[in-house]
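The values are calculated or read from the model by the stated rules, or taken from the named source; none is laboratory data. These numbers were taken from a predicted model, which means no experiment stands behind them. Neighbour counts are summed over all protein chains in view; Cβ atoms, including those assigned to glycine, are modelled from backbone coordinates with ideal geometry.
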Amino acid sequence: MDLKTFQRFDLHAASVITCVTAQNSLVVTHVEPFSCSSVGQQNEAVFSDLVIPVLKFGMLHSSAIVDAGEGPGI
């Protein structure tokens with residue numbers, strides 16, 4: 001839904017994926033976090049390519065993931 005909202009306001013969104021989930025419409029049955037290294041590398045790739053005026057956070061599995069996701073100016 002977030003991407004559709006961004007699109008409605010003529011904004012471009014980029015993502016850094018921190019976890020994958022097994023879920024259906026009723027319940028999340030499993031969460032698998034990505035490594036801090038993977039999150040950090042994704043973050044560096046996004047910030048090296050785009051000017052990021054606004055951030056929206058989704059699933060942040062742990063404080064280590066938060067630390068790994070810190071980018072320039074955050």
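Going by the conditions given, is A22 surrounded by 13 or more Cβ atoms within 10 Å (Cβ to Cβ) and in contact with a Ser or Thr (Cβ under 9 Å, 6 or more places away or on another chain)? Here the answer is no, as A22 does not meet what is asked. Restricting region 1-14 to residues that are free of Cβ contacts under 8 Å to residues at least 12 places away in the same chain and either closer than 15 Å to M59 by Cα or of a type in the set (K, R) (or both) leaves a set whose member that is surrounded by the fewest Cβ atoms within 10 Å (Cβ to Cβ) is M1. Would a scan of region 60-73 turn up a residue that is out of contact with any helix residue (DSSP H, G or I) (no Cβ under 9 Å at 6 or more places or on another chain) and among the acidic types (D, E)? No - not one qualifying residue is present in region 60-73. Selection over region 46-68 of residues that are surrounded by fewer than 14 Cβ atoms within 10 Å (Cβ to Cβ), part of a helix (DSSP H, G or I) and either among the aromatic types (F, W, Y) or at pLDDT 90 or above (or both) gives a count of 2.
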